[in-house]
Amino acid sequence: MWTVWVFLAPLCPICQDYTYYLNQLDAAWQNAADDQIELVGWFPNPAVTEEALVEFAERYEVSWPLALDTVGWADALGASWTPEVFVLDSLGTIRYRGRINDLYFALGKHRNTPRGHDLRDAVEALLEGGTPVVSNTDVIGCPIEKRTPFNENWGHAIFPALKSAN
């Protein structure tokens, strides 16, 4: 099983825009991947409330799981931006890190439609038993300014091999 984690912020307009693409990817993965992929959205800022999370899900029609990052996953993985995506294997090894696609090519600048689909391509390569051609891309987004410190006791219970990036 592959775990796709995306770090989000409810007020980040880039996160808001990317929910459309994440919703499409999740629907495709649920239809074609036989439960091999789990997409989860994490909100790393401890000031984000459950109410804000629910409002985000409703406003952007998110049906995949969203959660407050109370374990400190953003800290453990070294996430710096929202939306920043990580594809992890069953041990917590990062197999892809970066952007969803190239819709945004600079802060405040975006195309009408993306040209490259980095996350989709990486997941397809992994599902086929290969390695992503590109495993790390630059992210355009909002900085993660506040985060919960990584709780190694909880984190290692889920991903034993995961080591804090900080």
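Of note:
- Taking the C-alpha atoms of the chain, convex hull volume expressed per residue in Å³: 110
- Taking amide H as placed 1.01 Å from N in the peptide plane, GLU84 has its amide H under 5 Å from the amide H of PHE7, each at least 5 places away in sequence or on another chain.
- Counting only whole DSSP H helices of the chain, the ones at least 20 Å long by C-alpha along their axis and with mean Kyte-Doolittle hydropathy no lower than -1.0 are 13-32.
- A simple charge model with +1 on the Cβ of Lys and Arg, -1 on the Cβ of Asp and Glu and nothing else charged puts the dipole of the chain at about 540 debye relative to its Cα centre.
- Between GLU55 and LYS146, the FRET efficiency from the beta-carbon distance, with R0 = 25 Å, is close to 0.85.
- Placing unit charges on the Cβ atoms of the charged side chains and taking the dipole of the chain about its Cα centre, the candidate lying farthest along the positive direction among ILE94, HIS110, GLN36 is HIS110.
- Close amide H contacts of LEU39 (hydrogens built in the peptide plane, cut-off under 5 Å, sequence separation of 5 or more or a different chain): VAL4.
- Full extension of the segment from LEU91 to ASP35, taken as 0.36 nm per residue of separation minus the current Cα-Cα distance, would add 18.4 nm.
Where a number appears in this text, it was derived from the coordinates with a stated rule and is not lab data. Quick caveat: nothing in here was measured; it's all calculated off a predicted structure. Positions of Cβ are generated from backbone atoms using ideal geometry, with glycine treated the same way; all protein chains shown enter the neighbour counts.
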